[in-house]
Amino acid sequence: MSRTIDAVVSPTQTNTIPADISGQMLDLDEDDDLEVFSKDLTLADGNMFNASMPTSPGSMVNQCKFEEDEESDSKDIFITVDNPESHVTAIETFITYRVLTKTTRSEFDNSEYEVRRRYQDFLWLKGKLEDAHSTLIVHPLPEKFVVKGMVERFNGDFIETRRKALHKFLNRIADHPILSCSEDFKVFLSAQAWELTTYKKQGPGFLSRMGETVRAVANSVRGVKNRPEEFTAIQEYVEDFSNKIGSLDKVTQRIVKEQKEYLEELKEYGPTYTLWSGSEEELAEQLKGVAGCIERCCKETEEQVGHLSDTLVPVLHEYVLCAETLKAVLRRRDNIQAEFEAKNEALATKKVDRDAESSDLGFVWGSLLGKNPEEARHQRQERLDGEIEELKEEIDKLEDRVEWANNALKGDWGRWQRSMRGDLKSAFLSTAEKNVDYYEKYFIFIHTQITVSL
Amino acid sequence: MMADSGSEEIAVIGNTDLTSAELENNIKNTMVEIEKWTSLLRKMEISVGEAEKRTGKNTVNMQEIYTVYLIETRPVDAVTEGIIPAPDSLWRRYSEFELLRNYLLVTYPFVVVAPLPEKRAEIVWHKLSADNMDPDFVERRRVGLENFLLRLASHPVLCNDKIFYIFLTEEKGWKEMVYETGFQAKADSRLKAMNAAFRVKNPDKRFTELKHYSDELQAVVSQLLRVRARVADRLYGVYKVHGNYGRVFSEWSAIEKEMGDGLQSAGHHMDAYAASVDDILEEEEHYADQLKEYLFYTEALRAVCRKHELTQFELEMAAQDLASKKQQKEELVTGTVRTFSLKGMTSKLFGQETAEQREAKLQVLEQQIEEGEEAVKEKNTESDEFVKTAWIDIEHFKDQKDRDLKEALISYAIMQISRCKKGIQVWTNAKECFNKM
């Protein structure tokens, strides 16, 4: 599970769509932001036509098609993650991946970038995006360590699976209308290694982060009081979805396991027929024929297991992680609302304080110290009024934040559901197709064998 | 040459009324694949229709439950004339089949006698229970027993045996009849001979080769059956886990709007896929039984080879005995002692025998030589007869084996094709459902 920094967005928000707060404000006009948004709306309407699509090498186009076919015509940024390389230093060994970007977007200085990134860098990017957009749904990263089934971090299959997941991660961000505009994202894609290190060190200090985290924890403990119905519905769905996808993940892994064990036995089975054929004359050909069929079954089964592991298992696993991401996003939204509610309560309390006419300790003190009781009360009233005004300002900002957070989530929720349907449908479809293929190939082989040797 | 399995129903005691459909089925079961030249089967149909449980006291006077099998016979003519009379029937238990087979083994040592189906279920995969009372096991045994009887009835020599005929037609008194033949004594000496260790100087090469072959066949077929059972186990696992997809898809479809229908129907297909493995493996069990029959046949092959060795050994012993007697005579006649004998020594020590004594001895020896020559001639004929008749039967067996196993292997391949077809259908359907998601 990738760590998410459960921080609250700092109050330096403007009323426009908030940019991320890494300390360097994006040099965007409002117009650029809206343009990005409207691009997305255009896409949603199915009206896709962007004449500035760059000519990309064949592999780029293929990657593009592998992602979201409907949007490929209007994509203006193409990212690939490939070429894993092992690096050995005195302290550690790690893998870097090549991240290749081709883009026509104006915010990028060049049209092509090639950088090397390691897993830690991807983690950093994810954290930054979640900080800045706490209620947007950021596609999950592959896990840091795999618990079951794999021992070595540097096992070839593991690296390949991770590479694919990292590729998908970046492309999902690139497709996201808001996230893809992030400065952190841009830096990630374009900065050289030392530049990135420097950049990472900037941003809100450790202590201010601490403060945010403490506030977040406090809010989550209090809980939200008036959650809108639709978010409760989403939460219930996410709970159920999380269970189902978890089960499917387990079932699929079990199938892979059983298939592998079946394959092991098959590998022993075929040769016994061949062995037998050595003792026979008339039957030798038939026995060899059956041995051949079983051998073919082995080959096809091996391919099918490979396909399952490459196609369905990673997707299901991804969505298990997605479910956790969704839960976190919902929690963060709740926290934002909780903070808003808390401040409202504080305001109400303050108002009550101010309107209290009756004598109080201050009045008594004032009279003891020789102050004019009227003046003391007046001072107190002024002080409270000031505090109330401050609170009201804060509450306004928080209210905006809540509204923005809710809208962002609602928008992203629709997007996420569509992606989820697309991804899972395509993965299951591919699996079913492969299974049909498996049986068809085996069928044809046996058929030929029957006519030839059996 | 396995007959199709009939119904598994256990009949009420005494009720042998069969519907015409069942009779039709019985006819089909027995008419298929019967060798035309067999005399007994030209005259009658034989089937093992049903199985039933009985209780009774066994030899140590304890209560036991055992299974009996219904043997039905009907003259062929009756059927071909369009009239279908009720078959004659009687009940036999497994031990009686064993007795019949032992009798035949002893009486026709040159015949490769068909084996019985397993007494206890062995080489099973986990789903099948090893319990003798399990209905599936009983059913498979019923089929095996029917096959056994059909093998006997189609054998050119065995089908004429009277004891076999009575086994099929008279329930009471059959056992006593068998024992009256005195076969038990022969059986005992046969058993002793089977287990004895002796060295044969000049066995017929063909029998030596046959013994090697039957050892190889036994080893390879047992291994094959063991691995097949493991493969079946694994395949079962793969199919059944897909049933979980059915359950989860169904639950998931409840929370989805657009995907709900597609998921729900895909789930049904996954359930169907998981369920299909039961029939597939049942058919394969049938194939395994066909292989098992030939695995058990190897024992009969070995028995025939053994019998040849025994006959050959006896011949060699008789020849050796004759040779030594002849030599003794020669020594006596010429007075030279070539071989050491106690008599020779004592006569040397204590003086020569009288001419009368020598004459008497000579006469005895000549008698023995005459008897010995008779014995050798007899053994020679016996051995030649045995080799001749055994080899005819072995060739017959080889042809039968090649035919049967060829058919079994082809049917196995066809089973795989059928499994592929089912797989293609299920996954094509599932694909369509996923498309609708």
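Annotations
- For B:Asp279, solvent-accessible area (1.4 Å; no DNA, RNA or ligand), Å²: 100
- 5 angstrom amide H check on B:Asp161, placed H, neighbours 5+ away: none
- Rolling a 1.4 Å probe across all protein chains gives B:Arg230 an accessible area of roughly 90 Å².
- Virtual spin-label span in nm between A:Thr198 and A:Asp240, 7 Å along Cα→Cβ: 5.3
- Segment B:225-232 - phi-based ³J(HN,Hα) in whole Hz, Karplus 6.51/-1.76/1.60, Gly and Pro as x: 5, 5, 5, 4, 4, 5, 4, 4
- Loop-resident sites, segment A:267-350, for chymotrypsin sites (Phe, Trp or Tyr not before Pro), counting at most 15 other Cβ within 10 Å (DSSP): none
- For segment A:325-342, the Karplus equation 6.51 cos²θ - 1.76 cosθ + 1.60, evaluated at θ = phi - 60°, returns couplings of 4, 4, 4, 5, 4, 5, 4, 5, 4, 4, 4, 4, 5, 4, 4, 4, 5, 4 Hz by residue, with Gly and Pro reported as x.
- Counting only protein chain heavy atoms and rolling a 1.4 Å probe, the accessible areas of A:Lys168, B:Lys388 rank, largest first, as B:Lys388, A:Lys168.
- Counting Cβ atoms of other protein chains within 10 Å of each Cβ in B:235-243 and taking the mean gives 5.
- For B:Arg247, net neighbour charge (Lys/Arg +1, Asp/Glu -1) across residues whose Cβ lies under 14 Å away: +2
- The separation of segment B:188-234 from segment B:359-414, counted between C-alpha centres, amounts to 19 Å.
- Heavy-atom SASA rank of A:Asp121, B:Asp261, B:Asp136 (probe 1.4 Å, accessible area, largest first): B:Asp261, B:Asp136, A:Asp121
- Net charge, B:Phe97 excluded, C-beta distance under 13 Å - Lys, Arg +1, Asp, Glu -1: +4
- Peptides ranked, highest mean first, by Cβ atoms within 10 Å: ranges B:241-250, A:248-257: B:241-250, A:248-257
- With R₀ fixed at 30 Å, the C-beta to C-beta distance from B:Ala254 to A:Lys225 puts the FRET efficiency at about 0.50.
- With every protein chain in place and a 1.4 angstrom probe, the accessible-area ranking of A:His139, A:His317, largest first, reads A:His317, A:His139.
- Averaged over A:291-298, number of beta-carbon atoms from partner chains that fall within 10 Å: 1
- Cβ-based net charge around B:Lys436, under 11 Å, with every Lys or Arg adding one and every Asp or Glu removing one: -1
- Fully extending the segment from A:Ala348 to A:Gln379 would add 9.2 nm, taking 0.36 nm per residue of separation and subtracting the current Cα-Cα distance.
- Spin-label model, A:Thr232 to B:Lys205: label points 7 Å out along the Cα-to-beta-carbon direction sit 9.5 nm apart.
- For segment A:80-149 and segment B:265-279, distance of Cα centres in Å: 42
- Shielding by partners, peptide B:251-258 (average Cβ within 10 angstrom, other chains): 5
- For B:Met44, the residues whose amide H sits under 5 Å from its own are B:Val76, ignoring neighbours fewer than 5 places away on the same chain, with H placed 1.01 Å from N.
- Among the protein heavy atoms, those of B:Tyr297 account for about 10 Å² of accessible surface (1.4 Å probe, every chain in place).
The values are calculated or read from the model by the stated rules, or taken from the named source; none is laboratory data. Only a predicted model underlies this, so the values are computations on that prediction, with no experimental measurement involved. FYI the Cβ positions are ideal-geometry reconstructions off the backbone, even for glycines, and counts take in every protein chain you see. When the accessible area is computed, the model is the full protein with side chains, heavy atoms only, and any ligands, DNA or RNA have been set aside. Shrake-Rupley method; radii C 1.70, N 1.55, O 1.52, S 1.80 Å.
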